[in-house]
Structures are given as C-alpha cells and as structure tokens.
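Beneath this line is the structure, given in structure tokens, with notes to follow.
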Amino acid sequence: MSTGTWNVAGPARPSVGTGAAPAASRPWEDTGRRWALARAIVRELQAAIADPATLAVVLGRPDGTGDPVLPADGAARATVVVRGPDAVGRLVFPPTPDAFAEGYLRGDLDIRGDVMAAVDAGSALDLRLLGPDRLRRVGRWALELRRATPAPIPLRRVARLAGAPHSPARDMAAVRFHYDVGEAFFGLWLDRRLTYSCAYFPDGTTAADAPGRLDDAQEAKLDLIGRKLRLAPGIRLLDIGCGWGSLVNRSAGWTGCDAVGITLSERQATEANTRATTAGLGDRARSEVRDYRDLAALGVFDAAASVGMFEHVGRANLPVYFRVAFDALVPGGLFLNHGIAGVRSGGRPAGERLRPRTGRFVDRFVFPDGELVPVDEAIAVARAAGFEVLEAQSLRPHYALTLAAWVARLEARWDEAVAAAGEEVARTWRLYMSASRLGFERGDIDVWQLLLAKQVDGRPAPLPLRPWW
C-alpha cells in the first residue's frame, strides 16, 4: 500500500517484523519526560486488556518510522499503534468515548490487522484490571502529559446541522452529508448496482466468502423484495429512499413493473436515472428528489418499499412516515419496510461502568440524526396507521456478512478510496462498518423486513395463502 500510514494486509511499516530498527528511531528508547509518560501509559493500557490475543497497544513515532517489534508481535488479532506522546495525551485525557475514533480518523492511531477486533476495545479494555491505585496513577500521568499536548488539527468532515431535527430541510442536509461523498468512493466497495443495504446470502456463506458473493447476494435481496411485493407488469412500485436506484431499476427490468424512486440526494437521483437510461428501461424506472412527506403529486401505487431509509426517520416521525406510506397505496397494496432496528436493553450493569461507552461517533461523522427503533415499536406504529402485519423477517446475520464484504472490498482498494474521497473519509467508513459488523454479530442491533398490507374497508386485504415468495 502507498498510503504511508497503515497497511491492512500486513505490517504498517517496512521496519515492522523485519528486525530491529536503528537505535535513534526506536520510540521505546527515546528519552525525555513526555516519552517516558507515554510509554508508561501505553504499558498500563496494555495491562488493562483482558485478552491480549484480541488487542495489542504499542507506542510508535509520529512519522511512522521505527515501530517496535514486540516478542508477540502479530499474535493479537489487531494492533493499535499510538503515534507518539501527543497522540497518547489526546487519547487518554480527557477520556471521552469518541477519543479512539477521532484519534484514528486524524491519524493519531493506526490499526494493523482486524479492525473489528480493535473496535472491540470496549470489551477488551477493562480498566478494573488496573485497580484503584494504578488507575489514579495513570490519571496523574495523563494530566501531566496533556498539559504540554497541542490541540489537534480539527477534523474536516463533521456534521453540523441546523434547524429542527427531522424537518425536511435538516433531513435533506443529513442525507446529503452521508451519501454525497461520491459514487466514485462507494462504487469501489459496493456491488455493481450500488446497493447500500443488507444483502441476502446463500446458506453456508462465511465472512471470507462474502466479498466474492456480494453482487449475487444483493441481487437476491432485491428479488426477494420483488417477490414479497408480488411485482409484475402493470404494478406501480414506489421506492422511498431509492439510493442509486438499485431496487427501482432491478424491479423494472426483472418484473416489468413501473417503478418510481425518491431520494433527498440529487447526486443519487441523477446516477439512478443514468443507470436506468443505460439499461434501456425507458419510462418504466425513474428517480427524483422528493421528501417522503410530499408524495401526493405522484398518485397512488400498488406496492411500496423503503430499504435502508427507515433509520433516518426518527422515532417522533414514525406515525407520519407509516401514514404517508399507507396513503400512497391502493386498498390491498403491500408495503415492505426494511430497516436497521435497535435492541432493547435492561440497562448497563454496575460492573461495566468502567468500560467505555459508545459515544456520538456515528451522529457526528456518519449518520447525523439517525435513530434505531426496536422492531416491536415499529410494528405498533404501523398497525396504528392501519396496516396489517403479514410477516417480520430478521436478516441480522446477513448484515454482518454484508459489512464484512464491504470492509474487505474497501481495504483491497484502499489507495483508490483515499484518492476518491480523502483518507479521513476512508478511515471513517472503515471504522464505522467494522463497528457495525461487530454490533450485528453480537446482536446489539438488528435489521428487519416488515411486510405490511393496507386493509380494504377496514378488513384484511384478500391475498393468497402465504408465503407466496
């Protein structure tokens, strides 16, 4: 790799693992009070890792030369290299939940090996292992080190939205913040249709297989939605939050239905329409910039889908969201809502209070204003809007595989990703998608497809015996 910061396929520097570096460039031999404090803090951080096979923490030089070779270097699934005393000072004081993420985005930290294992520091790093005396000592060292640490260069890409949350204007700003990074960047690691949601993998797929199966798995997901919605020639389909048009264009071409997609991103709509024209879909598939609360001009539809947009709606707006979808359908029409869902928790045990919490990384750097609502809440609101619930299907393990595929494909084309969007953006997505994969594998978050039907005169829609898909 030529990024000059880290290599996802192996050692971060040519000097790592190739023998001892020249004495003058060894950070563990650098003299001075600040380097001594940094070395001591890093040693204590390593001692606080419950499972050294999961994560190793080492001190490196800011310029990336002369990284230390530990006796067990390479034994851990991931190694975090902290780039000098300034980086240590910003990492540990003040100890904010997002310090690790921000340090990685700005280059204070490098990650070798399995990024997901590094993200798992919330469970691998257990400050209780230090005991109160050592913990107080680390605090004193961190405070002393921080006094002489310069403020970091501000990150360039941070969400700063104005206006009422989930107002049309603010929703548009939030969506464009995330998606308008550019098709050149997303196209490096998404499938050929630019489908930015959970794929549907065949049984037996592993994380190692997933990158090579992604194109077929995304097409399988789109076709599953088409079968659930009973798409066919003459059916009008509405795609709420159409992205780059994968569902609109695939459905129009595969089933012959007439598909209309809406998005808040002008770049997405333009790309979706360009792809429809290239595929020769004529008037059967089109996408436009439109808020989901402004559908009246589009008429009524036989079927509607919302794939990966539900997370942007917000809990307070769910009644409006489901009512809008209900009103857009003919009596008996079908609505498929595909979205990431939160998982209810009974609270954080007292013994866990010294472990890092999840901060505002996603809200500040990835998905501003996003909210994950448990599926039972979504079902209750959908029923209140008048929908009958036909099916609820969890795709949780499929999303873990999807994210494994995306991360692997991003890492494989890292230089191109940096050239397309900048290193800060590439690091953001690498970290975000690795953390999300961990969440799906643990069951901390879920993803559901709800198949709903609009009742006819207050009675269930006349449908064939299920499952017709």
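Values computed for the structure shown
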read-out	value
Subset of the range 178-206 that is closer than 28 Å to LEU451 by Cα and part of a helix (DSSP H, G or I) - its residue that is modelled with the highest pLDDT	HIS178
Residue match in the range 127-138 (condition: in the same structural domain as ILE41 (by TED's automatic domain parsing), within 22 Å of the chain's Cα centre (by Cα) and crowded, with 16+ Cβ neighbours inside 10 Å)	no
Flag for GLY234 being within 19 Å of VAL300 (Cβ to Cβ) and in contact with a Cys (Cβ under 6 Å, 6 or more places away or on another chain)	no
Residue count for the range 150-162, restricted to those that are within 16 Å of ARG364 (Cα to Cα) and surrounded by 11 or more Cβ atoms within 10 Å (Cβ to Cβ)	5
ARG250 being charged (D, E, K, R), modelled with pLDDT of 95 or more and assigned to a loop (DSSP other than H, G, I, E, B)	no
Extreme residue, surrounded by the most Cβ atoms within 10 Å (Cβ to Cβ), among residues of the range 419-466 that are part of a helix (DSSP H, G or I) and touching a Pro at 6+ places or on another chain (Cβ under 9 Å)	PHE440
Which numbered condition LEU143 fails, given (1) aliphatic (A, V, I, L, M); (2) over 25 Å from THR65 (Cα atoms); (3) touching a Phe, Trp or Tyr at 6+ places or on another chain (Cβ under 8 Å); (4) in contact (Cβ under 8 Å) with a residue 60 or more places away in the chain	(4)
Residue in the range 24-34 that is more than 24 Å from ASP120 (Cβ to Cβ), at pLDDT below 85, assigned to a loop (DSSP other than H, G, I, E, B) and touching a Lys or Arg at 6+ places or on another chain (Cβ under 9 Å) present	yes
Any hit, the range 151-170, residues being touching a helix residue (DSSP H, G or I) at 6+ places or on another chain (Cβ under 9 Å), over 29 Å from ASN249 (Cα atoms), assigned to a helix (DSSP H, G or I) and hydrophobic (A, V, I, L, M, F, W, C)	no
Residue list for the range 192-206, restricted to those being surrounded by 11 or more Cβ atoms within 10 Å (Cβ to Cβ) and either basic (Lys, Arg) or without any contact (Cβ under 8 Å) to a residue 12 or more places away in the chain (or both)	ARG192, ARG193
Matching residues, the range 232-250, being closer than 15 Å to GLN449 by Cβ and not β-branched (Val, Ile, Thr)	ASP239, GLY241, LEU247
Which listed residue, of GLU416, GLU411, is surrounded by fewer than 17 Cβ atoms within 10 Å (Cβ to Cβ), at pLDDT 95 or above, more than 30 Å from LEU318 (Cβ to Cβ) and not β-branched (Val, Ile, Thr)	GLU416
All positions within the range 207-233 that are in a loop (DSSP other than H, G, I, E, B), in contact (Cβ under 8 Å) with a residue 40 or more places away in the chain and under 22 Å from GLY256 (Cβ atoms)	LEU229, ARG230, LEU231
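So that you can scan it fast, the table gives a plain yes or no per residue for (1) at pLDDT 95 or above; (2) more than 24 Å from the chain's Cα centre (by Cα); (3) assigned by TED's automatic domain parsing to the domain that holds TRP189:
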site: TYR432; (1), (2), (3): no, no, yes
site: ALA435; (1), (2), (3): no, no, yes
site: GLY439; (1), (2), (3): no, no, yes
site: ARG442; (1), (2), (3): no, no, yes
site: TRP448; (1), (2), (3): yes, no, yes
site: PRO460; (1), (2), (3): no, yes, no
site: LEU463; (1), (2), (3): no, yes, no
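The values are calculated or read from the model by the stated rules, or taken from the named source; none is laboratory data. Computed from a prediction, not measured in an experiment: that's the story for all the values here. As a convention, Cβ positions derive from the backbone with ideal geometry for all residues, glycine included, and neighbour counts pool all protein chains shown.
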